[in-house]
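Participant: Below is one structure. I have some questions about it.
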Amino acid sequence: MGMLVVDNITKKYEGEKYALHQISFSIPSEGIFALIGRNGAGKTTLVRILATQLEATSGRASIDGIDVTSDPEKLRSEIACVPQEARTVGWLTPRQFIVSYLLWRGFRYAEAKRRADEAARTLGIHRYMDSTSRKLSGGTRRKVLVAAAVASGARILFLDEPTTGLDPISRGDLWRTLMYLKKKHFIFLTTHYLEEAEKLADKIGILENGKLMALGTLQDLRDKAKFPYSIKILSKMTVKKPKDGVLVKGIDGNYQIATTEKEAYRISTRLIMDGVRFSMNPMNLDDIFYYIVRKPIEEDEYDQEEKW
Amino acid sequence: MNMTKKRNGSEAKSMFSQMSASILVNAVYAMINYPIVLISTLLAPFSFLIVITFVSHGTLAPIAIGGALIMSMISSGTSLQGDLSHLKNDFKLQDMVVSSPTSSRMYLIGMALSEIVYSAPALLVLAILAGIYISASAIGYAEIILVMAIMFIFSISLGFLLSTFTTDVIQSWAFTGIVSTILSALPPVYYPITYIPLPFRYFAYLSPATYAAEIVQSITGLVQFSSQTLAIDWVVIIAVAVAMAILAIKKSRWREI
Ligand SMILES: Nc1ncnc2c1ncn2[C@@H]1O[C@H](COP(=O)(O)OP(=O)(O)O)[C@@H](O)[C@H]1O
Ligand SMILES: [Mg+2]
């Protein structure tokens, strides 16, 4: 099986700080890889570099042994990309849009039409193929873009935030399609919905501020967070160190305690008695993300004496 | 040997596909799906033509028709710039195409040709009017077509170049405004340059359209220029078109930096 190898990729836009800083990882090029991170983390920048739209400032990358930097032409027949904020062209019907995209990829007209129909059935949009785009719902339009990518026959699909802005039903719909597509395709997707990565991804990467903070399966990330339970404290209060666990200050300035199940029970009982607002649950990707992308806690923020 | 031949054949066909996609998206499908587009593109070059013809009691009609032909070539470049920016920035379609085995050259040649297809209805009417009102020799007509081709290359190269700098629609509009003022408001394309009072006449020579117009106007026989002036006109438009095309090819980047 092939690999996606990213080797020390750095990107600095002119006059800006680093959008990506020395990113290195390698994963098998199969199934779904989800790159998660907040807005501005650098997801789109990495996708555009790997999909041969943007040159990195330094570093190398290759997919299935094809070098992204030195051999983009070869790679381009293997990939298809739906950019973030890509839109179907308003004056084209979905059929015209997909057929044109396939003609651009060099297919003959008859072949392009056949493939467009086939992809439309896969995505469940064949009923809308001849309506003008402006009559279509946001979810259908997004599917038209994905259908175009699928119809190309490219094995590697880059989908940059494919479900952002969709309602929960359309999102669930697209998720099912992606689960089906991943049997044949390697899908590199970005998202800021942690639930999406949790549901779909075989491997997850966490990007923050241009740096890769963690990479692995959901279980790997759980192990990285070390503790099975998360308590988020919603009240303003001075913080105390837990006996068994880690106290974390999140990017939103709130505090999180990662701890064992037993400690979680004990601490939560105390919090209830103290009238502190909190939420507690087994570590999900949300909590892991919060744990990994955290801020340092200054020594003077602690209540020195007390522990929970 | 046979293999290469076959591959060349299918490569040529795929290049044709790529070019035709640009033409379909940017012209043909728009005209099919929104027939009103046909009417507006048909009318576009006639506003000035009609005004000049009436104001001059018809005497300047041949010059105005020649001018409209030149202007429709120049506006191809402005449209190309707008269309490329639109597809790149608002639809992110160009990014989709870059991550594809599409030849950048075929994409752009197709886009440029789509502007001709788009203005084909107007060009057809203008060509008929030219046949009726401009009495020129076969060589004269050939020269008009050559001037048009040169102005087309100049303006699409400029349009392409500008589109590579735009990142959003407001910038794109600003470029369009500036360029069309310089290229079409300044030069005396629809009337003889002698109508412009002297100190201002020099400004007109800042626009390549002026030189093109002088050639076409002399072909109509209504305005006389020395053969030296005409030679300079040819040299200037060819030089400007070649320079702009080289600049466009040099500056073009399929993959951004
Ligand atoms: N074309 C660009 N020019 C300058 N800075 C950019 C450009 N594109 C993105 N950036 C900056 O790079 C950083 C990463 O952006 P991006 O890759 O779009 O993040 P994400 O997709 O995770 O939201 C941001 O700080 C953004 O402002
Ligand atoms: Mg992004």
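The values are calculated or read from the model by the stated rules, or taken from the named source; none is laboratory data. Since the structure is predicted, the reported quantities are computational estimates derived from the model, not experimental observations. Neighbour counts run over all protein chains shown; Cβ positions are idealised from the backbone, glycine included. Just the protein is used for accessible areas: all its heavy atoms, side chains included, with ligands, DNA and RNA removed. Shrake-Rupley method; radii C 1.70, N 1.55, O 1.52, S 1.80 Å.
Participant: Taking every DSSP beta bridge that has both residues in chain A, what percent is antiparallel when rounded to the nearest 5?
Facilitator: On the way: 36 of 57 bridges.
So the antiparallel bridges amount to about 65 percent of the total.
Participant: Is the shape of the range B:124-209 rounded, prolate or oblate, going by the alpha carbon gyration tensor and its root eigenvalues a ≥ b ≥ c, with a/c under 1.5 for rounded and a/b larger than b/c for prolate? Spell out each step's value before the answer.
Facilitator: On the way: a/c = 2.49, a/b = 1.43, b/c = 1.74.
Oblate shape, in that a/c is at least 1.5 and b/c is the bigger or equal ratio.
Participant: Give the relative contact order (percent, whole number) for chain B; include only Cα pairs under 8 Å separated by 6+ residues. Walk me through the intermediate numbers first.
Facilitator: Details: 297 pairs, mean separation 70.8, N = 257.
Relative contact order, chain B: 28 percent.
Participant: Let me make sure I get this right: for the range A:1-89, a, b and c are the square roots of the gyration tensor eigenvalues over alpha carbons, sorted descending. Under 1.5 in a/c it's rounded, otherwise prolate if a/b > b/c, else oblate. Which is it? Present the calculation step by step, with values, prior to reporting the outcome.
Facilitator: Values: a/c = 1.40, a/b = 1.16, b/c = 1.21.
Note, shape of the range A:1-89 comes out rounded.
Participant: Which whole-number value in Å² is the accessible area per residue of chain A, probe 1.4 Å?
Facilitator: Numbers: 13810 Å² over 308 residues.
Counting only protein heavy atoms, the per-residue value for chain A is 45 Å².
Participant: Accessible area of the range A:3-222 with a 1.4 Å probe: how many percent of it is carbon plus sulfur? Display every interim value, and only then the final one.
Facilitator: Values: 4230 of 8860 Å².
It is 48 percent, rounded to a whole number.
Participant: Among A:GLY245, A:TYR265, A:TYR229, whose Cα sits farthest toward the positive end of the charge dipole of the range A:226-301 (+1 at Cβ of Lys/Arg, -1 at Cβ of Asp/Glu, about the Cα centre)?
Facilitator: A:TYR265
Participant: A follow-up question, please. If you fit an axis through the alpha-carbon atoms of helix B:2-23 and take the longest principal axis of the Cα set of chain B, what angle between them do you get, 0 to 90°, nearest 10?
Facilitator: Here the helix axis deviates by roughly 60 degrees.
Participant: Taking a cut-off of 39 Å, what percent of all Cα-Cα pairs in the protein assembly as shown are separated by more than that?
Facilitator: Values: 69202 of 159330 pairs.
Taking all Cα-Cα pairs of the protein assembly as shown, the fraction more than 39 Å apart is 43 percent.
Participant: Separate question: Run down the aspartates and glutamates and flag those whose C-alpha is under 12 Å from the C-alpha of A:LYS224, throwing out any fewer than 8 positions away in its chain.
Facilitator: Cross-link targets: A:ASP287.
Participant: With the cut-off at 18 Å, tell me which of the pairs A:LYS182/A:LYS211; A:LYS113/A:LYS184; A:LYS241/A:LYS295; A:LYS182/A:LYS203; A:LYS203/A:LYS232 have Cα atoms farther apart than that. It would help to have the intermediate numbers written out before the result.
Facilitator: On the way: A:LYS182/A:LYS211 27 Å; A:LYS113/A:LYS184 21 Å; A:LYS241/A:LYS295 16 Å; A:LYS182/A:LYS203 13 Å; A:LYS203/A:LYS232 26 Å.
Distance filter (> 18 Å) returns A:LYS182/A:LYS211; A:LYS113/A:LYS184; A:LYS203/A:LYS232.
Participant: Ok, one more. Need one number: % antiparallel among DSSP beta bridges in the protein assembly as shown, to the nearest 5. Before the final figure, lay out the partial values.
Facilitator: Numbers: 36 of 58 bridges.
In the protein assembly as shown, DSSP labels about 60 percent of beta bridges as antiparallel.
Participant: Something else now. What ranking do B:184-190, B:237-243 get when scored by the average of other Cβ atoms within 10 Å per residue, highest first?
Facilitator: Ranking the peptides B:184-190, B:237-243 by packing returns B:184-190, B:237-243.
Participant: Accessible area per residue, 1.4 Å probe, Å², for the range B:2-251: what's the number?
Facilitator: With all protein chains present, the range B:2-251 gives 47 Å² per residue.
Participant: Which trypsin sites (Lys or Arg not before Pro) does the range A:171-274 hold that lie in a coil by DSSP with at most 16 other beta carbons within 10 Å? Walk me through the numbers before you get to the answer.
Facilitator: Values: sites: A:ARG171, A:ARG176, A:LYS182, A:LYS183, A:LYS184, A:LYS199, A:LYS203, A:LYS211, A:ARG222, A:LYS224, A:LYS226, A:LYS232, A:LYS236, A:LYS240, A:LYS243, A:LYS249, A:LYS262, A:ARG266, A:ARG270; in loops: A:LYS182, A:LYS183, A:LYS184, A:LYS226, A:LYS236, A:LYS243.
The qualifying sites are A:LYS183, A:LYS184, A:LYS226, A:LYS236, A:LYS243.
Participant: Taking the Cα centre as origin and putting +1 on Lys and Arg beta-carbons and -1 on Asp and Glu beta-carbons, what dipole magnitude results for the protein assembly as shown, to the nearest 20 debye?
Facilitator: On the way: 60 positive and 50 negative charges, 259 e Å.
Dipole magnitude for the protein assembly as shown comes out near 1240 debye.
Participant: If a/c stays under 1.5 just call it rounded; otherwise compare a/b with b/c (prolate if a/b is bigger, oblate if not). Do that for chain B, with a ≥ b ≥ c from the square roots of the Cα gyration tensor eigenvalues. Walk me through the numbers on the way to the answer.
Facilitator: Working: a/c = 1.76, a/b = 1.70, b/c = 1.03.
Cα axes put chain B in the prolate bin.
Participant: Right, here's the next one. So what's the angle, to the nearest 10 degrees on a 0 to 90 scale, between helix B:104-118 and the longest Cα principal axis of chain B?
Facilitator: Roughly 40 degrees between the two axes.
Participant: May I pose another question? Give a residue-ordered list of calculated ³J(HN,Hα) values for the range A:274-290 (Karplus: 6.51 cos²θ - 1.76 cosθ + 1.60, θ = phi - 60°; whole Hz; x for Gly, Pro).
Facilitator: Here the 3J(HN,Hα) series is 7, x, 8, 7, 7, 10, 9, 6, x, 3, 10, 4, 3, 5, 5, 4, 4 Hz.
Participant: If you fit an axis through the alpha-carbon atoms of helix B:227-251 and take the longest principal axis of the Cα set of chain B, what angle between them do you get, 0 to 90°, nearest 10?
Facilitator: 20 degrees
Participant: Let me ask another. Using a 1.4 angstrom probe on protein heavy atoms only, which residues from the range A:72-92 are buried by at least 40 Å² of accessible area when all chains are present rather than their own chain alone?
Facilitator: A:ARG76, A:PRO83, A:ARG87, A:VAL89, A:TRP91
Participant: To the nearest hundred square angstrom, how large is the accessible surface buried between A and B, total for both chains, probe 1.4 angstrom? Mind dumping the intermediate values first?
Facilitator: Working: alone 15450 and 14220 Å², together 26280 Å².
The buried area between A and B, both sides summed, comes to about 3400 Å².
Participant: Oh, and also: How large is the charge dipole for the range A:174-281, taken about the Cα centre, if only the Cβ atoms of Lys, Arg (+1) and Asp, Glu (-1) carry charge, to the nearest 20 debye?
Facilitator: Numbers: 20 positive and 12 negative charges, 20 e Å.
Here the range A:174-281 has a charge dipole of around 100 debye.
Participant: Computing the accessible area with a 1.4 Å probe over protein heavy atoms, can you report the carbon and sulfur percentage for chain B? Each step should come with its number before you reach the end.
Facilitator: Numbers: 9070 of 12480 Å².
Here carbon and sulfur together make up 73 percent of the probe-accessible area.
Participant: If you take the charge dipole of the protein assembly as shown about its Cα centre, with +1 on Lys and Arg Cβ and -1 on Asp and Glu Cβ, which of B:SER72, B:VAL97, A:HIS126 is farthest toward its positive end?
Facilitator: The listed residue farthest towards the positive side: A:HIS126.
Participant: Any idea how far apart B:VAL55 and B:ALA12 come out in nm if each label point goes 7 Å out from Cα toward Cβ?
Facilitator: That separation, rounded to one decimal, is 5.1 nm.
Participant: Under a point-charge model restricted to the Cβ atoms of Lys and Arg (+1) and Asp and Glu (-1), what is the dipole moment magnitude of chain A relative to its Cα centre, in debye to the nearest 20? Mind dumping the intermediate values first?
Facilitator: Values: 48 positive and 40 negative charges, 236 e Å.
Dipole size: approximately 1140 debye.
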